[in-house]
Each structure stands twice: as structure tokens, then as C-alpha cells.
1. Go over the candidates F829, F822 one by one and state the one that is at pLDDT 95 or above and either farther than 21 Å from F861 by Cβ or in a helix (DSSP H, G or I) (or both).
2. Cβ-Cβ under 7 Å, sequence separation 6+ or interchain: first residue in segment 353-371 and among the aliphatic types (A, V, I, L, M), partner at pLDDT 90 or above and in a helix (DSSP H, G or I). Which pairs?
3. Which of the residues spanning segment 834-869 are among the basic types (K, R) and not in a loop (DSSP other than H, G, I, E, B)?
4. Residues of segment 122-144 being out of contact with any strand residue (DSSP E or B) (no Cβ under 7 Å at 6 or more places or on another chain), assigned to a helix (DSSP H, G or I) and surrounded by fewer than 22 Cβ atoms within 10 Å (Cβ to Cβ), which ones?
5. Does segment 274-305 hold any residues that are among the small types (G, A, S) and under 49 Å from the mean Cα position of the chain (by Cα), and which are they?
6. Does A516 meet the test of being surrounded by fewer than 22 Cβ atoms within 10 Å (Cβ to Cβ), of a type in the set (A, V, I, L, M, F, W, C), assigned by TED's automatic domain parsing to the domain that holds F637 and not in a loop (DSSP other than H, G, I, E, B)?
7. Name the strands (runs of 3 or more DSSP E) wholly inside segment 602-705 in which the number of residues that are in the same structural domain as Y550 (by TED's automatic domain parsing) and at pLDDT below 90 is 3 or more.
8. Here are some conditions: (1) of a type outside the set (S, T, Y); (2) farther than 21 Å from G165 by Cβ; (3) buried (at least 19 other Cβ atoms within 10 Å of the Cβ). L598 meets all but one. Which one does it not meet?
Amino acid sequence: MPAGAIFISFDAVAVSGITVEALKLAKHLLQKGISSHLDLGYEIKVDKGNFKKPYDHERNIYRDVFNLVRIEDIDTVPYYNVDFIEYSHNILIAQKAQVSREEQQHLLKAIGESAQALSLRIVELWEQLDIRHVIVENATLPENIIYTQALYLAIEHYGNRHGLGRFVIWRDHDLMWSSEKTVMKYGPEPYPHAIKPVPSPHITYVTLNEHLKDKLEHWCDHQVQIEVRKNTYDFSGQGRYRNIKESLDIRDSDLLIARTTRIIPQKRLDRDIHLLQRLNQRLAEDGIRRRVYLALAGDPEEHPGYYTQLNRLARELEVEAYIKFVGALPHDYMSSDKETITIEDLYHSCDLVSFLTSWGYDSYGNPVGEAISSQRCYIASHYEYYHEVYGQHGFEAPIMAISEEHDGLPDENFIAEVYRLLNDETLRTQIARRNFSIGQRVLSNTLMDMLDLSFSGGTMRDTVFVSVVLPLYNESNRIDVVLDSLFTQQTHDNLITHASYELIIVDNNSTDDSVAKINAFKQRNPSLDIHVIQEHIQGVSSARKRGMDYASLRSKERDIRLGLNNRHYIASADADCTVDPYWLHALIEKMITDNGDLGTCNYYYNEAHFRQRPNLYNEIQKTLRCREMSFSLFGGFPDGKGFAVERRLYDLVGGIEIFYQLDKGRFVEHLSDDWDFGIRVIAWGGKPVYAHESRIEINSRRVDTILDEVITGNAYGQDGIIIMKDVRPEVEVQAPTLRDTTPAQSQQAWEYSIKDYVPKNIVLPALLNPHILLEDQAVRAFFGESVADRLYRRIHEIKQQSRVIDFKPIHAYKTPSYRLYFEFREEIFSALRRAVGEDIGYPPPLPACFDRVQPEDFERFVYYFAEDRESGEAHNYFANGGVF
């Protein structure tokens with residue numbers, strides 16, 4: 001059985017807007033050769049009366065797209081039965097009954113035992129189906145906290161067992177605060193025992209609009225980030241539908257309003273019946289012979305009492321003859337007999353689509369989107385989320401004014417507006433076309449780009465052993481040159497060919513035509529596998545992680561398929577830097593020859609770009625000469641512009657870690673992910689190697705457009721907040737100066753650069769692996785034997801004083817690195833002058849706060865300075881993350 005996807009619906013009904021959305025995604029997966037399974041959730045949600053209901057007609061509905069599955073023998077899971085689930089819900093969620101603290105603890109313990117047992121059953125099913133993608137629909141509903149808890153346990157267990165990345169999309173359509181809230185179905189907020197979304201490396205959380213996103217993130221104490229993804233509609237216009245007016249005994253000259261919805265009180269179909277009566281009265285008053293009909297598509301058996309109530313209302317208003325209950329209709333992409341009427345047939349035949357729902361019931365409103373994509377006008381109530389989902393985008397329609405307090409029947413102004421629209425076919429056509437055009441732009445996005453799928457290359461070639469990851473954000477002006485440099489890689493002995501490496505481009509929400517240029521490049525150059533995937537969390541760190549996780553997962557799946565366990569290298573490149581012809585060959589060859597786990601590259605600036613700026617270029621070259629020396633000596637640390645890691649070490653340390661910092665009261669990504677990743681690899685025993693011949697040209701715009709920030713040491717932020725700045729020359733506020741530095745500015749820029757460089761590149765390698773100070777003769781020769789011995793002892797003293805076991809945790813190295821810099825700065829600069837040149841000079845002046853510190857107190861106050869988290873002085877002194 002091929003690897004597949006499983007959809008789990010918390011909605012627990014055979015056909016709803018939620019399963020329709022799942023069906024759309026499953027159709028796309030089928031085109032990619034991925035089979036989809038659906039658990040309709042009958043054993044999840046108890047309020048529908050379907051608990052443990054066997055599948056019957058449901059198989060026929062979904063036979064061409066979904067294989068319907070469920071957890072077998074679920075009744076053997078302890079406590080997992082309707083009575084216990086309802087009892088626990090009434091106690092813990094709805095709070096309809098009170099029990100003692102001891103009884104509540106017993107209840108929670110039983111729920112935990114049941115969830116643990118159920119999670120094993122879930123994993124067993126996924127193993128049988130070889131699941132690689134899980135899509136959980138309408139997931140954060142609290143009726144069945146046993147299943148929710150079990151699902152989270154299963155995801156972590158299965159994801160870790162198979163080394164999967166974000167293989168789960170957890171999608172919420174209506175949560176407890178937006179679903180039937182007027183009857184307090186889920187009790188009062190804040191739902192203390194409901195299972196909140198949890199941080200997980202395997203789950204991407206999705207909801208339908210910004211309001212629900214904000215509420216959900218707040219409810220989760222902002223421990224998880226929620227993505228917004230709209231429901232999607234087909235704007236291809238390729239369907240062929242029939243006119244069903246005749247089969248409904250409606251004359252072609254008469255008008256038809258379609259209402260496709262569940263026949264339940266919350267949908268307020270009584271509004272449509274009252275509207276129908278008034279419209280026909282107006283036609284009669286104006287002497288117009290045609291009439292308006294209403295087709296209601298929904299299951300009359302879902303709420304028999306309400307169905308009876310609607311028929312009674314129709315008789316009272318004398319419009320019974322104009323109402324057609326057509327039953328629950330399938331969409332055209334569902335399996336059905338050829339003669340079966342579909343929703344698309346109804347939309348094709350109608351003149352208007354209605355969605356006069358209640359204020360607080362629907363968070364989305366699929367019929368509106370379906371009307372727009374079918375080029376039909378619609379009418380709607382101004383329900384709670386209408387403006388965010390549709391109204392704000394400029395869609396045109398008569399909208400019935402309602403509110404939470406005033407949620408009644410259509411007024412005469414609304415009826416008049418609908419009447420005018422129905423009697424003006426030209427206007428309807430114009431509005432439908434304008435709405436369709438807007439809909440193509442705002443209602444066509446899908447969930448497909450959130451899955452770990454390759455849109456352009458299928459499975460990994462058997463011969464590929466290098467994946468090059470390229471994060472991308474709005475690089476239209478540069479991308480062709482960068483792609484060309486990656487495509488035209490040269491090699492010796494056929495080590496690096498288009499059959500042995502691939503390119504993974506991670507689009508990080510680009511708004512220009514970068515991706516279009518990449519796709520065009522790919523079409524012109526089919527010999528190299530180029531994959532374009534997306535990462536919607538903004539930031540180069542998340543984009544790099546997404547691409548590297550993707551490369552690791554696919555290479556492992558390839559090895560499993562081939563029954564091998566080969567070395568696979570994952571390389572990072574940068575979308576604004578070009579690589580030399582032998583960049584990849586030299587890097588991988590060095591890692592293979594020296595059995596390296598982490599490979600770093602050689603960087604340079606194009607001298608031609610600095611001909612009018614000799615002072616600035618001289619300071620840059622001094623920094624790069626120091627870097628060349630230390631990387632040759634210690635192996636160096638990775639920079640996102642170019643490095644490579646062996647896949648097993650990548651997985652061992654947990655991959656790229658996304659670390660967050662606060663900037664102006666907002667959590668933002670810390671942008672030292674590449675550096676901190678290298679620290680973890682080396683601290684875990686990985687071997688770093690430096691490939692001198694693997695060269696990358698750094699884009700000079702990094703110093704062209706923020707030269708003042710470079711000179712003052714805050715090019716990447718201040719007070720320890722490391723931020724990415726837009727350094728594109730076309731940005732007006734950072735227009736390129738292309739001016740040289742004065743001698744004083746040159747000295748200041750150099751001092752910040754060397755202060756940033758020394759703790760990271762001289763002190764840190766020894767801090768992570770102190771044994772090299774005793775065992776590596778080249779390292780001892782650089783420092784001098786007596787200094788190497790003193791430095792070794794001091795590192796262990798600091799470890800003991802700090803009670804630090806190791807420096808694997810992110811940024812645990814900062815304080816000790818700063819302390820060792822201050823304590824050994826004279827000796828280190830002496831070593832640099834010997835190794836690099838006398839122009840390296842002497843240590844920059846100490847911070848002014850040390851002027852009054854006595855020599856005997858120096859080490860103590862160095863500790864206070866380096867450890868201070870509140871002032872940010874240490875970070876500002878050491879240049880906040882890099883200069884050149």
C-alpha cells in the first residue's frame with residue numbers, strides 16, 4: 001500500500017462544509033499519487049447520535065476519493081463509551097454538575113488512562129495505512145477530551161518514531177466560542193479542562209479567520225502560532241452543469257433562489273420563507289407574472305421538528321407552492337449516479353444564492369464562496385464573521401443587517417434591495433463577474449502548500465546525496481543569477497552532477513515574481529531537480545528549518561525505499577549571494593575526505609564593488625583574514641550563506657532550532673539559528689571542517705545600505721535583539737550610500753567587528769571542546785602553551801562556578817565567552833598579531849564602566865557586566881550579532 005494521508009473529522013456527520021473542504025484537499029492529494037483515508041469521527045463526537053454508527057451510504061458518497069476507516073474494537077478501550085464521555089463532559093466542560101475534588105481527580109486519571117490506550121490504537125491504524133500526512137478537521141472542540149488527548153499522544157509518538165516533520169495540519173472551523181454559543185453548548189469560558197493546542201514540531205495549526213486565530217492563540221497563552229487559511233473554491237469554470245428548473249416544475253421565466261444548508265434552527269431558513277413571501281407579493285403588486293421560487297437543499301431528517309415548523313410557516317404565509325425541498329445534494333466531485341442533482345446544478349440553475357444565517361452560528365459561510373465561484377449573485381446576513389471573510393474584500397451583495405441583539409426577520413429595506421437585484425438581470429451579471437474576479441484572488445489558496453509534498457519532482461532520485469536548501473523572500477532582481485550559479489556547479493571525478501544534488505527553495509511569503517521566475521527556470525532546466533515549498537511563518541530561520549527538515553525526511557524515505565543507510569548532506573545557501581563554480585564540490589569533498597559532520601565555506605566580497613571605498617574594504621579584509629585563520633584552525637561555525645551538515649547529525653541535535661526573543665512587546669525569531677545550530681552539532685561531538693576552496697560571494701548590499709549601523713555596531717539590532725533588516729537598495733529609507741568610511745569610522749567599524757569576532761571564533765571553539773587546548777598542537781601553538789593551559793583551567797573554573805554541564809542549550813555560551821574574552825584579551829590579540837598580521841592591532845578599549853574597577857576586582861565585575869540581562873550593555877559592546 002502506498003504511503004497515504006488520513007483525515008479525521010471531529011464534525012461526525014457524513015456531509016458538511018468541513019468534510020467538503022477535506023474532500024477538496026483529498027482530490028489534490030490524489031493528483032499527487034497520495035491515497036486519502038477518512039475517519040468521519042463517529043466515535044469522537046457523541047452529540048450527533050452517531051457514536052459507533054457503522055458506515056453505510058457514506059462509502060458510496062466518498063468511494064472515488066476517500067477510503068473510509070475507523071479504529072477497530074474501540075469499545076475495548078477502558079472508559080471509552082458514551083456514558084463516561086458524556087459524564088466527563090458534563091463535569092469538566094459544561095460544568096452542569098459538581099463533584100468533589102477527589103472525584104474529579106479520579107475522573108482525570110481515568111481519562112488519562114483511556115487516552116493512553118486509545119493513542120496506541122490510533123498509531124496502530126496509522127502504521128497499517130503507512131500514514132505520512134494527518135489532517136484533523138474541526139479539531140479544538142471539547143466534547144471528547146479523551147480522544148483529543150489521545151490524538152496528541154499519537155501524533156508525538158508516530159512523528160518521533162518515523163522522524164517526520166510537520167506532518168499534521170490541525171484545522172479548526174468553528175471552536176467552542178463560535179459554535180452554537182447562544183445555547184452555551186460548551187459551558188462558560190475559559191473551558192479549564194478542554195485540551196488546548198500544544199506546541200509540537202509535528203503540527204501546523206490552522207483556522208479560518210484572524211479573529212479566531214487571535215482568540216485561539218490567546219486561549220493557548222500564545223504557546224502556539226496559528227495560521228489563517230480560508231476555505232477554497234474552484235474558479236476553473238471547467239464544470240458542465242444542467243438546468244434543473246424543469247425537473248422542479250419551475251418555468252424558465254421564473255426566478256429561483258437557492259439555499260444550500262443544513263435544515264436546523266441555527267441556519268434561520270425561516271428568513272428565506274418570509275423573504276419569499278414578500279418578493280412574490282411585490283411581483284404581484286407590480287403586475288409582473290413571473291414568480292420567485294426557493295430551493296432548500298438539506299436533509300429534512302436531521303431536525304424533523306424544525307422541518308415541520310418550516311412547512312407550517314410556508315402554509316401560513318401561503319408560499320408552500322413556491323418552496324422546493326430538494327434534499328441533501330452532493331457536490332459534483334462526489335460520487336453519485338449520473339441522474340443525481342448536484343449542488344453545482346442548483347447553482348447553475350438559480351438566479352441568486354441565499355445565506356441568511358443567524359448572527360453567531362457560522363464562522364465562515366461556504367455557500368457564499370460557492371456562489372461567487374459559480375458566478376452567481378448572493379445575499380447574506382451580516383453574521384459575525386461576514387465582514388472578515390467576505391465583506392472586507394469588496395464583494396457586492398445585499399446584506400441583511402443583524403446583530404447579536406437584533407437577529408430577527410428581513411426588513412423592508414433589505415427586501416427592496418433584493419427585489420431590485422432579482423429584476424435586473426444585467427446588474428446581476430455585472431456583479432457576479434466582479435465578485436468572481438475578486439474571488440479568484442482571495443478565495444483560491446489551499447492547504448496543499450502546508451504539507452511536506454514536492455510539487456515538482458516526485459520522490460528523491462536514487463543517486464541524489466546532497467540537498468541544497470535556499471530560503472527565499474522577494475529576490476526577483478537577484479534570483480536568476482543565484483539560480484544560475486547553483487545550476488552550473490562544476491566538479492572533478494563526477495562527484496557533483498545534476499543527478500547527485502537537488503535544489504530545495506523555500507518561499508517565505510514572497511509577494512514579487514520570484515517564484516514565477518524559479519518555475520520558469522526549472523522548466524528550462526529539467527536536468528536538475530528543483531523543488532519549491534512554502535513556509536508561512538515569516539523569518540529566514542523558519543524557512544531554513546522547513547527546507548532542511550524537508551530534505552532530511554525525503555532522504556530518509558528514499559533510504560527506506562532502497563533498503564540503504566547512506567550519508568546524505570544538507571547544504572544551506574542564500575538567495576542574495578552567488579556561489580563559485582566549485583562551491584558544492586569543494587565543500588562536500590572536504591567533508592567526505594576529512595569525515596566531517598559540519599562543513600563551512602570561504603566568503604569574500606567582490607573587490608570591484610569597493611574601488612571607491614578602500615578604507616571600508618581594508619577593514620572588511622582584516623576581518624575575513626582573521627576568519628580564514630580561525631576556521632582553518634578550529635573548523636568554524638556555519639553561516640546561512642553557505643554550510644553543510646550530514647543528515648544523521650542534523651537529526652541527532654533536533655535540526656534547526658527556532659528561538660524567539662521579544663522586540664517591542666512582540667515575539668520575533670532570533671536570527672542566529674545557523675550559528676546556534678553549529679554550536680549544538682559541535683557540542684554533540686560533530687566534527688567541523690573548513691573548505692577553503694568552497695567560496696561564496698557575499699552581496700555587498702549588506703554594507704552598502706546600512707553603513708551607519710555597521711560603523712556603530714548595531715547592524716543587526718541592539719540590546720541583544722537580533723533582527724533582520726531589509727537591505728535591498730531600492731528601499732527608500734535605506735538607499736545605498738556607496739560612500740567610504742573616514743579613518744575614525746574605519747577604526748570604529750573594525751573595533752566592533754573584531755569584538756564580535758573574537759568571542760565567537762577564538763574563545764567559543766575552546767569553550768565547547770576544552771580538550772583541544774591540551775591535545776591539538778596547532779591550537780597550542782596559536783595560543784602559546786602556557787596561555788592554552790591557563791585558558792583550559794579557567795574554562796573549567798567557570799563551568800564549576802556556573803554549575804553548567806555543557807553549552808548545548810541555545811545562548812548558554814554567551815556569558816562565559818564574554819568573560820574569557822575580557823580576561824584573555826591581551827593574550828588573544830597577541831596570538832592574532834602573530835598569526836594574521838601586525839595590523840590586527842590591540843584590544844579595543846574596555847567599556848567605560850571598568851574605569852573605576854580595581855585590578856583585584858576585575859574578574860568579578862567582568863562577570864556582572866557579561867551576565868547583565870537588563871541593560872543590554874554587553875551585547876551592545878560586542879556588536880549585536882556581527883558586522884561583516
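1. The unique qualifying residue is F829.
2. Short answer, once both residue conditions are applied: V353/Y347; V353/P367; V353/A371; L356/R271; L356/D272; A371/Y347.
3. Just the residues of segment 834-869 that are among the basic types (K, R), to begin with: 834, 852, 860, 869.
Selection gives R834, R860.
4. V123, E124, L125, E127, Q128
5. Correct list: A295, A297, G298, G305.
6. Working: surrounded by fewer than 22 Cβ atoms within 10 Å (Cβ to Cβ): yes; of a type in the set (A, V, I, L, M, F, W, C): yes; assigned by TED's automatic domain parsing to the domain that holds F637: yes; not in a loop (DSSP other than H, G, I, E, B): yes.
When the stated conditions are applied, A516 passes them.
7. On the way: elements: 642-646, 660-663, 666-669, 688-697.
Passing ranges, in order: 660-663, 666-669.
8. Of everything listed in (1) of a type outside the set (S, T, Y); (2) farther than 21 Å from G165 by Cβ; (3) buried (at least 19 other Cβ atoms within 10 Å of the Cβ), L598 misses just condition (2).
The values are calculated or read from the model by the stated rules, or taken from the named source; none is laboratory data. Being a predicted model, the structure only gives us computed values, none of them experimental. Don't worry about glycine lacking a Cβ; one is built from the backbone with ideal geometry, like all the others, and counts go over all protein chains shown.
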